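Reading through the structure tokens given below for one structure.
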Amino acid sequence: MGPSFFKPRLRGMQGGARSMATGIWLVSLVSALSPHAEAILGRGRSFSSRPSLMRLRGGRVSFDSGLARECLEKMWNRDAWLGVETQPHRIYFEEILADRFCLTGPFQLIRDELTLSFNRPRSSHGRQLLFNQTRVADCAIDLAHPSCFTTLGYTTCGDRICMQSADTYKLAVASRFASMTEYGDTKFEFFLPMGGGTDSGPSLAHVTMSHNFESDPRIKAAVYKGNSKSFVLVNIDITTHCGRFDMGASKVESFLGNEYSDVTAIYGMAQESVFRDPRQCCYSIIRMLRNFKLSNAVHVRLRKQLGEANYNFLRSNEILADDGSPVTYLVAASIIAVQGMYDTLEALGPGGELDERGLGHVTASVCLNKEGQEDRLLLCAKGTVFKSQMTVQGLGTDATLYAAKIVTDAVTGGDVVQLTYAGSDDMEIHTKTYDPPLQKKDEYGSEELYPSPKKGDGLKEGGVSKPSPRKKKPLRLF
């Protein structure tokens, strides 16, 4: 490249001469690099042919929410099938996935890590990569098109009986809306709190959002500056579980000491194998209702998510379907899932995890475990947050308003349970607006929603208690 490539000696030069020498050196450097630009940028490529790199240097682009809002309205105009036990793929295909494809239809999905190669190459920390980072830049997605940066979070109980349903979910849902590594593996936020639901809605929302987007400001800037219509979609599916034991000619004793026969099923018991006896399922929820232990952190969390009024009602009353099938534990599992959905929506929207370009789609479901068959699924509720507006539809969080009936599954022809709320199986859509969040977050971006119990919190070993007047009421839109 010649001597002009090297920085000139500036020692001893005065201000004007020093500036002139530096300018001459910069001109020489650009001239020297020009013939090698193709090799540096990649064959056949230039900065002008990589608009995403140019946009990283551009100014802020204001958000045009019109297209995303149209997609959101289209989603909420769909008929929802809520509260009915059925095959999981029917819920995944006809409800959850159909809703999300409504939200993303006109947009190109950004979920494959390989398409993020527009970002500067990361250090390999001494590891030998399996590909040439410069040549892989050709895989970069064109951010000039309206884009949707998507991520996915999923929770279910850690009970081993739920593993089949988790595998089904990964193949049906996560494979389409979760992030994907450059090597093709699906990766999503996967949590297994005992009893299902959420350990903490704010923490779940924060982790799902920050791992995908907030920890990469250059990628965020590129997506936002690429097109004024581009946005981020945060998908979270919250699941609890409840066993379903088909009666046949057998008799089973309920937790209140009643024996049942000639009913469709016992909800709250499951048989893992034909070689095993039925057992309680979900054990954490059932034991929380039957034998609450203040020293058990799982019991404390589930009881607070259930709510004191519901706890007192469900441990003293049994809810039966129209044919006499007990559904008490199914109702408890549904309320815990729905409350987890509320907590997560609250954190995404009013809690400030989403910015102006963020859209959250959260669902609450109960997995129904059956022996020797594919588990069933009951979609309890769904909700969205976008542009200071929260919308929800589905079952609520008041146990006294639940009822159940046995209906015939239109697909399989079998008997399944349908939960109703407030005397209706036609779930209304509820919407509320909220002010943009102003509260200060801690260093982790969330607050402790379920702190450890302290004296005077209103919890007692085993028995009925009164709620503490100091406790913050959970979000309830129904």
Check your understanding: What net charge do the residues around Y183 carry, taking every other residue with its C-beta under 12 Å from that of Y183, with Lys and Arg at +1 and Asp and Glu at -1?
Key -> -3
Check your understanding: Where does the charge balance sit around A172 when Lys and Arg score +1, Asp and Glu -1, over other residues with C-beta under 13 Å from its C-beta?
Key -> -2
Review point. Using alpha-carbon positions, what is the distance between the centroids of segment 168-220 and segment 73-97, in Å?
Key: 21
Check your understanding: From the cross-link list K170/K405; K370/K405; K74/K304; K74/K370; K382/K405, which pairs have alpha carbons spaced over 24 Å apart?
Key -> K170/K405; K74/K304; K74/K370
Practice item. Starting with the highest mean, order 143-153, 378-388, 177-187 by the number of other Cβ atoms within 10 Å, averaged over the residues of each peptide. Key: 378-388, 143-153, 177-187
Check your understanding: Of the peptides 226-232, 426-432, how do they stack up when ordered by the mean number of other Cβ atoms within 10 Å, highest first?
Key -> 226-232, 426-432
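Throughout, read-outs are computed from the coordinates displayed, never taken from laboratory work. Just so it is clear, the structure is predicted and the values come from calculations on it, not from any experiment. Neighbour counts run over all protein chains shown; Cβ positions are idealised from the backbone, glycine included.
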